[in-house]
Amino acid sequence: MNQLEFAFEPSGWELALNGLRRGSSFSASRFLNLLEDLTEEEVESAFSDLDEKEIELNIADLPKWESAGETAVRLRMEKQLVDTKELPGGLPEGDTLRIFLEEIASIPACGDAELLAEKYLAGDDNAARLLNNVLLGRAIEAAYALAGQGVLLVDLIQEGSLGLWQAILNYQGGDIYDHCDRAVRRTLAKTLVLQARENGVGHKMRKAMEDYQTADKRLLTQLGRNPTMEEVAQALNMTMDEASAVEEMLESARMLHRAEAATQPKQEEQEDDQAVEDTAYFHMRQRIEELLDTLDKRDATLLSMRFGLDGGLPMSPEETGRKLGLTPKEVIEKEAAALARLRQQG
């Protein structure tokens, strides 16, 4: 299997977004990878493309590498205060966030949002300001939901408020709540991704993916079979959640890698193939393939799926089991037995 290169072409984000439907969702961790080597101007173009297509970033899969020092302490405190509903009173007097929240609380927020939206569309510019006051609480709640995830609350609230105001100015009809909520979520997601990029999270993600692949290959050699995610996680001192997140990032990288490889000149593909043939990993797969005809068809198919011998990517026990009607445990057991027979034949 090719060692994946995690250096995406500058146009990678365009390639990734082109096939998405308007209003759909896209992985924030994958998008962060796509932004890694772009200029600031290109980053803004990528986010503009997201906004134009109304695509939301799924920040649930954005790795949560903690900040260091005072920022980390502040983020944890803010998360605790949000969880215990102690804002702003739980903050000390004179705290910037407390002052900001108290100022917002003093703003009158009365009126019907839908009626104000209709007035704004009819040309009443003052209705936009009143509408902003009515919906500001929703933007703050959206910011609260992201407390502790790498960006200080005062910054989240400010960015969310700006996103809300811009959404109101761009409103052209429809459900005002949905229109503004989606715009605020997109703004906050952008804030988180840009902060993660500034903190070098993209580089850490790439390092984690490379470490995962290295451990996966090493365990393959030691065990004589593809390791389970639990075994890779243990080798890397990761939790299962962390290992699962890295595996999902790898799969996203593989998908983009395949899409980009399809556009490579044939000579480049031949050079890539030649490089793969020099690895011990390829020779192990090649030797297994030579011996597959000593097995029954079902076991041979199982090993082909697990090692990617049919030209595709290696499948997990879960994926293989779904295709063959087996449980992951049964797949691992049958794989071990089949490999044992191959070792005897070899």
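The values are calculated or read from the model by the stated rules, or taken from the named source; none is laboratory data. What you see is a predicted model; the values in this text were computed from it and never measured. We place every Cβ from the backbone using ideal geometry, glycine too, and count neighbours over all the protein chains shown. We work out accessible area using only protein heavy atoms, side chains counted, and drop any ligands, DNA or RNA first. Shrake-Rupley method; radii C 1.70, N 1.55, O 1.52, S 1.80 Å.
Points 7 angstrom from Cα along the Cβ direction at Gln344 and Glu230: gap in nanometres?
Roughly 2.7 nm, to one decimal.
Go through Lys217/Lys334; Lys53/Lys190; Lys85/Lys190; Lys217/Lys297; Lys79/Lys190 and tell me which ones have a Cα-Cα distance over 22 Å in this structure. Mind dumping the intermediate values first?
On the way: Lys217/Lys334 20 Å; Lys53/Lys190 15 Å; Lys85/Lys190 26 Å; Lys217/Lys297 26 Å; Lys79/Lys190 20 Å.
Beyond 22 Å: Lys85/Lys190; Lys217/Lys297.
Starting at the first residue of the range 163-179, write each ³J(HN,Hα) from the Karplus equation 6.51 cos²θ - 1.76 cosθ + 1.60 with θ = phi - 60°, in whole Hz, x for Gly and Pro.
Rounded to whole hertz, the list is x, 5, 4, 5, 5, 5, 5, 8, 5, 10, x, x, 5, 5, 5, 5, 4.
At what distance in angstrom do the alpha carbon centres of the range 92-129 and the range 168-222 lie from each other?
Using only Cα atoms to place each centre, the spacing works out to 29 Å.
Answer rounded, prolate or oblate for the range 87-231, using the Cα gyration tensor with square roots of eigenvalues a ≥ b ≥ c: rounded when a/c is under 1.5, else prolate when a/b is larger than b/c, else oblate.
Details: a/c = 3.76, a/b = 2.15, b/c = 1.75.
Note, shape of the range 87-231 comes out prolate.
Across the range 225-234, in residue order, what do the Karplus-derived ³J(HN,Hα) couplings come to in whole Hz, using 6.51 cos²θ - 1.76 cosθ + 1.60 with θ = phi - 60° and x for Gly and Pro?
7, 5, x, 7, 4, 4, 5, 5, 4, 5
7 Å from Cα along Cα→Cβ at both Ala337 and Asp51: what's the point-to-point distance in nm?
6.0 nm
From the phi angles alone, apply the Karplus equation (6.51, -1.76, 1.60; θ = phi - 60°) to the range 321-329 and give each ³J(HN,Hα) in whole Hz, x where the residue is Gly or Pro.
Rounded to whole hertz, the list is x, 4, 6, 9, x, 10, 7, x, 5.
Let me make sure I get this right: for the range 10-136, a, b and c are the square roots of the gyration tensor eigenvalues over alpha carbons, sorted descending. Under 1.5 in a/c it's rounded, otherwise prolate if a/b > b/c, else oblate. Which is it? All intermediate terms of the calculation are to be shown ahead of the outcome.
Details: a/c = 2.57, a/b = 1.17, b/c = 2.21.
Oblate shape, in that a/c is at least 1.5 and b/c is the bigger or equal ratio.
Let me have the relative contact order for the range 68-156, percent, based on Cα pairs under 8 Å that are six or more residues apart. Intermediate values should be presented prior to the final figure.
Details: 63 pairs, mean separation 32.7, N = 89.
It comes to 37 percent, rounded to a whole number.
Per residue, what accessible area does the range 101-173 have, given a 1.4 Å probe and all protein chains present, in Å²?
Values: 3700 Å² over 73 residues.
So the range 101-173 comes to 51 Å² accessible per residue, rounded to a whole number.
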